[in-house]
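Everything below concerns the one structure shown next.
Only the coordinates and a few stated rules stand behind these numbers; no lab work does. Every value quoted in this text rests on a predicted model; they were computed, and no experiment measured them. Cβ placement follows ideal geometry from the backbone for every residue including glycine, while neighbour counts extend to all protein chains displayed.
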2 protein chains.
Amino acid sequence: MISKSTIKLIKSLAVKKFRLKENLFLVEGDKNVIEVLNSSYSVDKLFATNLFLENYSKICKKANFIFEVENTDIKNASLLKTPQSCLAICTLPPHSNPPKQLENNLSIFLDDIQDPGNLGTIIRICDWFNIEHLFCSPNTVDMYNPKVIQASMGSFCRIQTTTATFECVEEIAHLSNALIFGAFLDGKNIYKENLPQKAILVMGNEGNGIQKEIEKKISNKIQIPEFSVKDKGAESLNVSVATAIICSEFKRQIFL
Amino acid sequence: MISKSTIKLIKSLAVKKFRLKENLFLVEGDKNVIEVLNSSYSVDKLFATNLFLENYSKICKKANFIFEVENTDIKNASLLKTPQSCLAICTLPPHSNPPKQLENNLSIFLDDIQDPGNLGTIIRICDWFNIEHLFCSPNTVDMYNPKVIQASMGSFCRIQTTTATFECVEEIAHLSNALIFGAFLDGKNIYKENLPQKAILVMGNEGNGIQKEIEKKISNKIQIPEFSVKDKGAESLNVSVATAIICSEFKRQIFL
């Protein structure tokens, strides 16, 4: 059984204020828990079924405290609709400072992304495409939101986000000789642009796109061309989908 | 106010069995409702706030019955966590048969996609990239599931899915001289392949990928190359993200 106070703690970790207060975050889903146990994160408490503990006995030992529980216990404590066979409470890592210089690679700046599913999916995309840094504006959803962790499918263990203002990222770009690109509906066709290996890609908020103040400072505006008949197709693509397509195009050009 | 029996009806439309029984489906979210009013779908009942009815007075007239309601009424009836200012009950269109022949364009076959968010996002991607047909295996989530409609952001009005078995799609491909491509983790690098304009792209289930029986019949296996250090990155990409990247690459090659 999981105690009432622990269940209360787990539920509270859905809220950033409580994550910061407790210095903890929640990891759910078998794949995410296996990845976090294999990572450098400190797993404070692991709640898992007998079967999970048997199957992953070696890595489970990395948790400070292990509790064998039933599926129904996990269901009671879980924030998920369809909980799996384990749940981990982990320690928040120390605040990471933005890097001073960028390597010869692509980084991303997210301008106020609100949907945790989108941020989690973007973290997974960064992992796949070996994106160097993922900068998040101060108003972007927190990466330790359980829904972000969930959507990242373990990639949060390898991709750390850094909270930074656009001005800070602009400074880093300047010091690193990196060009800044922004995704707009009226930018230049990405398929026809020569995209550099070293760059920072700015992606805007779900409803409003990139803020006007930031837009003014971006000289390389790009777009994914729309193929449907004029005025008849989708108005836009989901931000995580657009991020994936643009990352793919940046990386593809390395093969040329 | 919305009557109790109507609220019960609305809630029941989350389930396919009741959608088929009532021959109705639910559209929520202002953008989706505006698009469905502008489409050829028949809107049976529109529930909307005074403000919405004033702002969109012209298109609202297309609904058979219009009910002016309060935001709280919509909240009571809605399946969404954050309901907007309207809600529409629409008539299911007649069953559409698969086409006999394909044009010189890209079509997609989904092999048992389960997550409604993924199907909705893929419908939006099809709309953006002007995909000719979206074939869904009989076990793929129903396109009139309210969560699919929601994620499609109005694109469901322009992209119709057709339920078809892989054998049926294979036959259509044969008659149309279209090649079948499948997305696999061990396929050929999409960036290095010459992708034809006319093709059918097969995308597999979220957890299991493309079924073994179908895999055997696909001669053109492709993959999105992973850029992270070997054995250290994400195991896969989300299926809607992967669909977007592959569609983008097929369409990009038209520019060559």
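The angle separating the long axis of helix B:166-176 from the principal Cα axis of greatest extent in chain B is about 70 degrees. Rounded to the nearest whole Hz, the Karplus-based 3J(HN,Hα) values (6.51 cos²θ - 1.76 cosθ + 1.60, θ = phi - 60°) of region A:141-157 follow the sequence 4, 5, 5, 8, 4, x, 6, 5, 3, 4, 5, 6, 6, x, 5, 4, 6, with x at glycine and proline. Taking the centroid of alpha carbons for each part, region B:189-225 and region A:13-36 are 36 Å apart.
For each pair in A:K11/A:K75; A:K147/B:K8; A:K11/A:K147, compute the distance between the two Cα atoms and list the pairs where it is over 18 Å. Flagged as over cut-off: A:K147/B:K8. Among A:S155, A:S228, A:S12, the residue with the largest mean-square fluctuation in a Gaussian network model of chain A, with springs joining Cα atoms closer than 10 Å, is A:S228. Cα-Cα over 25 Å: which of A:K198/A:K221; A:K4/A:K81; A:K81/B:K221? Long pairs (Cα-Cα over 25 Å): A:K81/B:K221. In vacuo Debye scattering of region A:106-255, one point per C-alpha: log10 I(q)/I(0) at q = 0.15 Å⁻¹? Results for region A:106-255 at q = 0.15 Å⁻¹ read -0.73.
Between the helical axis of B:239-252 and the longest alpha-carbon principal axis of chain B there is an angle of about 70 degrees. Taking Cα atoms only, the orientation of helix B:116-128 departs from the longest principal axis of chain B by about 80 degrees. Evaluating 6.51 cos²θ - 1.76 cosθ + 1.60 at θ = phi - 60° for every residue in region A:186-192, the Karplus couplings come out as 10, x, 7, 3, 4, 6, 9 Hz, glycine and proline recorded as x. Counting only trypsin sites (Lys or Arg not before Pro) that sit in a DSSP loop (anything but H, G, I, E, B) with at most 14 other Cβ atoms within 10 Å, what is the longest stretch of chain A containing none of them? The segment A:101-215 is the longest one with no such site. The distance separating the Cα centre of region B:103-150 from that of region A:152-172 comes to 32 Å. The overall shape of region A:4-91 is oblate: from the C-alpha gyration tensor, with semi-axes ordered a ≥ b ≥ c, the ratio a/c is 1.5 or greater and a/b is no larger than b/c. With θ taken as phi - 60° and the Karplus curve 6.51 cos²θ - 1.76 cosθ + 1.60 applied, the whole-hertz 3J(HN,Hα) list for region A:106-113 is 8, 10, 10, 10, 9, 9, 6, 6 Hz, x standing for glycine and proline. Computed from point charges on the beta carbon alone (+1 for Lys and Arg, -1 for Asp and Glu), the dipole magnitude for region A:106-255 about its Cα centre is near 460 Debye.
Among A:P94, A:P196, A:P116, determine the one that fluctuates most according to a GNM of chain A built with springs between C-alpha atoms less than 10 Å apart. Comparing A:P94, A:P196, A:P116 in the GNM, the peak value goes to A:P94. DSSP assigns beta bridges within chain B; of those with both partners inside it, close to 30 percent run antiparallel. Take A:N97, push a point 7 Å out from Cα through the beta-carbon direction, and compare it with the same point in every other copy: 7.0 nm, smallest first. Working note: Cα gyration tensor of chain A, eigenvalues times five, square-rooted, sorted largest first, giving semi-axes of 37, 19, 17 Å.
Averaging the sequence gap over all C-alpha pairs within less than 8 Å and six or more residues apart, then dividing by the number of residues, gives chain A a relative contact order of 19 percent.
For the protein assembly as shown, the gyration tensor built on C-alpha atoms gives a rounded shape. Its axis ratio a/c (a ≥ b ≥ c) stays under 1.5. Label-point spacing at A:K75 relative to the other copies reads 3.1 nm, in ascending order, each point sitting 7 Å out from Cα along Cα→Cβ.
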